[in-house]
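*Asks:* Structure below; questions to follow.
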Amino acid sequence: MAKHVNIRSIRQKGVKTLAWLSFGLAFVGGAFGAETFVGDGIEWVLEALPWAWLPVLLLIVAVVGTLIDSFVDGVPNWFAVGSALLAPSIATAVDGKFGDTISAWADGAQGWVNGLLTEWTGEQSAVGLTLACAVASLLMARRVIRKSSTAEA
């Protein structure tokens, strides 16, 4: 007897996989972006504001919102993807050791990627990789969110 293949189940698993892949790419792009002009711009804006507590509050909202968004239905949606892109840059704007540690991690990751890119391609462009990850994650999230709404219907 042949097994019955449930297309809806396969589609939902595919959508969920793409959503988590999109979230992962957003996190990688955000981590690399924290030490680029994008992260520097976000950090500059947050540090220019008169409220030193704002980066901490935004970071807490991003983390808690991502956890809720990702684990309530098991699929990271727009909020989680956007938070993954922005949270590392917001974290670098936090005063004290926490912000310095995030900056050091992001800088180290960027240096490691630049080293690998130089070794393999003769070029170094963590900025290009940052933008590629960010754009890919946003495009995938856009497609996945549209598909997840039709897969549930």
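*Asks:* Say each of Trp112 and Trp20 gets a label point 7 Å from the Cα, pointing the same way as Cα to Cβ; how far apart are those two points in nm?
*Replies:* 2.1 nm
*Asks:* What list of ³J(HN,Hα) couplings, whole Hz, do you get for the stretch 80-93 from phi and the Karplus terms 6.51, -1.76, 1.60, once you set θ to phi - 60° and write x for glycine and proline?
*Replies:* Per residue, the Karplus-derived 3J(HN,Hα) values read 5, 5, x, 5, 4, 6, 9, 4, x, 5, 5, 4, 5, 7 Hz.
Quick note: the coordinates plus some simple rules give every number you see, no bench work behind them. Treat the numbers as computed from the prediction; the structure is a model and nothing was measured. A quick note on method: Cβ atoms are made from the backbone with ideal geometry, for glycine too, and the neighbour counts reach across all protein chains shown.
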